[in-house]
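Worksheet for the structure shown next.
Laboratory data are not the source of any read-out in this text; all were calculated from the coordinates shown. From a predicted model like this one, the values you see are computed outputs, not experimental measurements. So basically every Cβ, Gly included, is an ideal-geometry build from the backbone, and we count neighbours across all protein chains shown.
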Amino acid sequence: MNGLTKSIRPIAGTVLALTLFQGVAGWGLTQGYDYGHAHTAYLLCLLAIALPVIVIKAEIDDKTVRGNSFAVAGIAVIQVLVGMFLMKDNWDFGWIHIPLAMMLTAHSFAVLISMRNVDV
């Protein structure tokens with residue numbers, strides 16, 4: 001293990017927190033307020049893409065950590081694309097946007113839990 005191992009849990013926790021804030025900001029959009037929903041999505045996507053890169057560079061052999069980190073990155077990219085292109089002027093695709101956010105939360109939480117089994 002190298003020094004990157006210690007950064008995995010904070011990044012996964014930040015992705016989890018940003019996803020929860022996305023829910024609050026998304027609800028605010030439905031009420032006419034913008035709390036930075038789009039900007040938070042871009043930051044979240046950047047951190048989510050960095051997560052599997054750091055997991056690979058840290059040489060973690062735990063398959064659950066690797067799999068869930070790739071799931072976080074993939075779901076975050078799909079989530080941003082759905083928000084940018086399918087929900088630009090029409091919120092009818094909220095039926096897929098919200099479950100994707102729930103899956104993103106679950107997988108980032110799974111990375112946090114799975115990192116307990118990895119020696120730091």
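Assorted remarks:
- Degrees, to the nearest 10: 94-114 long Cα axis against longest axis of the chain: 20
- Sequence-distant contacts, meaning Cα pairs under 8 Å at least 6 residues apart, place the relative contact order of the chain at 36 percent.
- Normalising by residue count, the chain has a Cα convex hull of 83 Å³ per residue.
- Sorting the segments 19-25, 104-110, 32-38, 2-8 by their mean number of nearby beta carbons within 10 angstrom, highest to lowest, gives 104-110, 19-25, 2-8, 32-38.
- Cα-based reach from residue 57 at 20 Å (exclusive), listing aspartates and glutamates while leaving out same-chain residues under 8 positions away: 119
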